[in-house]
Amino acid sequence: MCSIIGYSGKEMAAPIIVKGLKRMEYRGYDSVGVATESDNQIELKKGIGKVNEVNLKIQLDTLPGKVGIGHTRWATHGKVTDVNAHPHSSNSGKIAIVHNGIIENFEELKKQLENEGYSFKSETDSEIIANLLQKNYELTKNVRETIMKTVSEIKGHYAFVAMFENGQLAAARFHEPLIIGVGQDNIFLSSDVLGFVEYTDNAIYMKSRNFIILDKWKFQILDFEGKDVKYEITKISKEFGDAYKGDYAHFTLKEIYEQPDTILRAGEKTVDAITKTADYIKHAKNIYITGSGTSYNSALIAKQILSKYAKIKVETIISSELQFSPDIIEENSILIAISQSGESADVLDAVRIAKKVNCKIISIVNLLTSSLVRKSDVVIGMNCGPEIGVAATKSFTSQLVVLYKIVQKLSNNNITINFENFAKSILKILENPTKIQQIAKELKDISDIYILGRGINYPVAMEAALKLKELTYIHAEGIPGGELKHGPLALMDSNVFVIIINPNDSTYSDTLTSAREIKVRGAKIIGISDIESDVYDYWIEIPKLDEILYPISEIIPIQLLSYYAALEKNTDPDYPRNLAKSVTVK
Ligand code: G6P
């Protein structure tokens, strides 16, 4: 989604804001803007494109002053245009705002304000906040009263930062993230700690229905009723400072290559939580697992391994679907929510529905400061460090390792997994990507890819299709092998590529038969397997492993293939068009 940032301190604001926005670009990236205050005047620059591009064009970082606000946009209301980019200023030009979220009653408020003589330049719901603040400030002449009145009038989910022409900042939070960074001589207001981690490791996680007003670096936090709020300063984990590309061309590539290491760290430091989870599962009436996107594909794998290795039945639910059939969830059951960010609105909504009927919430989450963590009874950390590439890579394999550890616990440790050896075999896949790079060249001009897998390999096929779609924009579809004859076979001809996920497990021979049926229709076949076969036009070798571990070794070469095909197609692997890493709106 969008990211917002505010800065007030001893340094020039604009360069610090631009740097912070660059780091938070993963949240949304179709346009960017900065506004600063200097000598009681607000100056503003904004435009469409990514942070570096726009900065190069219009030098956002040269704006004067030591107070400022900034924004990267991921369009929801209004097209991607310069005018719709944030910040938005009020009609008087005396207040500027940046906003993340959605103002549901903006049309109604806009009409009211228009009747009172206000005019609007953009198509956004956000601009309404700027003019409403102006109106309320002219009425109350007081920032505290202005914010309280404004938040009582707007409906929806939001976090916004407002800058007044005297250099005062104020920010309010209602269900969208807002974190205060408290430095020695400076204060940051940001959607994510990545916005300020370079300058301070002291953070205050603002609560929903709270707002902050600040003058220079003195601040006060209040609730929407105007009462002072007690707050706690938390030390942010230094690992957030790792969010650099290092020697890698893209975050996505770096994150793919981190997997031999992140696999070893998954679930680490939360051993007790894994034991507790196993205990909850054993005694649960019903078990549901939910997630969105990649995290949902992990849930599908969880379902299979829990039934096969621990004889435990679970139901998987796509988070965004639960609202349409909430009765699926029976009272006093458990819901396992999987989410890298812990901020996906759909997942949080599923949790809300389950909590209503007294379910216990177990979350498998990477960002331990997220909203999901605060709503959970038990939390297992993925521990894979910041994942910046929009397409999930290392978080998927970390989720799977956490699930393996839960299954291990449930089977009284009868399943032995040597994660050290496993990590070494993963390293081998990554060591020499030349063959994968060559295959990626073949995908440059094709329009359809199908991925076939059976059993536990079918959710991997779904995840593979998701990676290919996100990174290459090629139409990709995961197919359960046995369903080939029930429709998809009609699509097979010499124009398509088919990836066959075919490890040496119980699905091997049936899947090989499917590959032959496809081959005779002229399609090109990429085999992902530990056994070579003449049916594959291209063979990507994976190590021979215990059945339960195959999904990780299968997806890693496909992540690489998707990455290199993205380069061939000249798309940006870190920031696929139209997508955002953390989808905090429904
Ligand atoms: C977005 C991302 C996906 C991700 C999904 C779930 O759609 O683009 O890559 O899988 O959200 O994210 P979560 O943070 O809840 O795992």
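Output the number of the condition that residue 403 fails; it satisfies all remaining conditions of (1) buried (at least 24 other Cβ atoms within 10 Å of the Cβ); (2) in the same structural domain as residue 564 (by TED's automatic domain parsing).
Here residue 403 meets the rest and fails (2).
Can you tell me which residue within segment 166-179, out of those that are at pLDDT 95 or above and within 27 Å of the chain's Cα centre (by Cα), is nearest to residue 150 (Cα to Cα)?
Of everything passing the filter in segment 166-179, 172 is nearest to residue 150 (Cα to Cα).
Determine whether residue 518 is open to solvent by less than 10 Å² (accessible area, probe 1.4 Å) and more than 31 Å from the chain's Cα centre (by Cα).
When the stated conditions are applied, residue 518 passes them.
Can you work out which of the residues in segment 133-167 that are free of Cβ contacts under 8 Å to residues at least 60 places away in the same chain and assigned to a strand (DSSP E or B) is nearest to residue 213 (Cα to Cα)?
158
For the structure I just gave you, tell me whether residue 374 is open to solvent by 10 Å² or more (accessible area, probe 1.4 Å), modelled with pLDDT under 95, more than 14 Å from the ligand (Cβ to nearest atom) and within 27 Å of residue 174 (Cβ to Cβ).
Here the answer is yes, as residue 374 does meet what is asked.
Mind listing whichever residues of segment 531-586 are hydroxyl-bearing (Ser, Thr, Tyr), away from the ligand (no atom under 16 Å from the Cβ) and either modelled with pLDDT under 95 or surrounded by fewer than 19 Cβ atoms within 10 Å (Cβ to Cβ) (or both)?
Answer for segment 531-586, where residues must be hydroxyl-bearing (Ser, Thr, Tyr), away from the ligand (no atom under 16 Å from the Cβ) and either modelled with pLDDT under 95 or surrounded by fewer than 19 Cβ atoms within 10 Å (Cβ to Cβ) (or both): 533, 538.
Pick out the one residue from 37, 123 that is surrounded by 24 or more Cβ atoms within 10 Å (Cβ to Cβ), of a type in the set (D, E, K, R) and in contact (Cβ under 8 Å) with a residue 24 or more places away in the chain.
Going through 37, 123 in turn, the sole match is 37.
I need a count of the residues in segment 178-192 that are within 19 Å of residue 370 (Cβ to Cβ) and open to solvent by less than 10 Å² (accessible area, probe 1.4 Å).
The total comes to 7.
Within segment 195-213, count every residue that is outside any loop (DSSP other than H, G, I, E, B), open to solvent by 10 Å² or more (accessible area, probe 1.4 Å) and more than 18 Å from residue 147 (Cβ to Cβ).
2
Pick from segment 293-319 the residues that are more than 16 Å from residue 458 (Cβ to Cβ) and open to solvent by 40 Å² or more (accessible area, probe 1.4 Å): which of them is nearest to the ligand (Cβ to nearest atom)?
293
Condition first: within 24 Å of residue 22 (Cα to Cα) and without any contact (Cβ under 8 Å) to a residue 24 or more places away in the chain. Now tell me which residues in segment 193-236 satisfy that.
200
Residues checked against (1) β-branched (Val, Ile, Thr); (2) under 30 Å from residue 564 (Cβ atoms); (3) assigned to a loop (DSSP other than H, G, I, E, B):
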{"site": "269", "(1), (2), (3)": "no, no, yes"}
{"site": "277", "(1), (2), (3)": "yes, no, no"}
{"site": "288", "(1), (2), (3)": "no, no, no"}
{"site": "307", "(1), (2), (3)": "no, no, no"}
{"site": "317", "(1), (2), (3)": "yes, no, no"}
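With the requirement that a residue be open to solvent by less than 10 Å² (accessible area, probe 1.4 Å) and either within 7 Å of the ligand (Cβ to nearest atom) or over 19 Å from the mean Cα position of the chain (by Cα) (or both), what does segment 343-356 give you?
347, 354
Which one of 163, 148 is modelled with pLDDT of 95 or more and within 26 Å of residue 17 (Cα to Cα)?
163
Do we have any residue at all in segment 214-226 that's farther than 17 Å from residue 405 by Cα, open to solvent by 40 Å² or more (accessible area, probe 1.4 Å), at pLDDT 95 or above and among the charged types (D, E, K, R)?
Yes: one or more hits.
Looking at 21, 63 in this structure, which one is open to solvent by less than 30 Å² (accessible area, probe 1.4 Å) and farther than 30 Å from residue 139 by Cβ?
21
Pairs under 7 Å by beta carbon, first residue under 16 Å from residue 581 (Cβ atoms) in segment 455-470, partner more than 13 Å from the ligand (Cβ to nearest atom), six or more apart or different chains?
Going by the 7 Å Cβ cut-off, the qualifying pairs are 467/558; 469/476.
Considering every residue within segment 321-336, establish whether at least one is within 13 Å of the ligand (Cβ to nearest atom) and of a type in the set (Gly, Ala, Ser).
There is no residue in segment 321-336 that is within 13 Å of the ligand (Cβ to nearest atom) and of a type in the set (Gly, Ala, Ser).
Among the residues of segment 467-485, write down those that are within 15 Å of the ligand (Cβ to nearest atom) and either open to solvent by 40 Å² or more (accessible area, probe 1.4 Å) or of a type in the set (D, E, K, R) (or both).
Hits for segment 467-485 are 467, 469, 470, 473.
Among the residues of segment 53-66, is any in contact (Cβ under 8 Å) with a residue 24 or more places away in the chain, within 29 Å of the chain's Cα centre (by Cα), more than 17 Å from residue 192 (Cβ to Cβ) and in a loop (DSSP other than H, G, I, E, B)?
No; the residues of segment 53-66 include none that is in contact (Cβ under 8 Å) with a residue 24 or more places away in the chain, within 29 Å of the chain's Cα centre (by Cα), more than 17 Å from residue 192 (Cβ to Cβ) and in a loop (DSSP other than H, G, I, E, B).
Give the residues of segment 214-236 that are over 17 Å from residue 8 (Cβ atoms) and part of a strand (DSSP E or B), sorted by residue number.
222, 223, 228, 234, 235
Residue under question is residue 533, and the condition is that it be without any contact (Cβ under 8 Å) to a residue 40 or more places away in the chain, hydroxyl-bearing (Ser, Thr, Tyr) and under 27 Å from residue 428 (Cα atoms); does it hold?
Yes; evaluated as a whole, the condition is true for this residue.
Just to be sure I understand, how many residues within segment 401-460 are in contact with a Pro (Cβ under 8 Å, 6 or more places away or on another chain) and β-branched (Val, Ile, Thr)?
5
The values are calculated or read from the model by the stated rules, or taken from the named source; none is laboratory data. Please read these numbers as outputs of a predicted model, since none were measured by experiment. Cβ: placed from backbone, ideal geometry, glycine included. Neighbour counts: every protein chain shown. Only protein heavy atoms, including side chains, enter the accessible area calculation; ligands, DNA and RNA are left aside. Shrake-Rupley method; radii C 1.70, N 1.55, O 1.52, S 1.80 Å.
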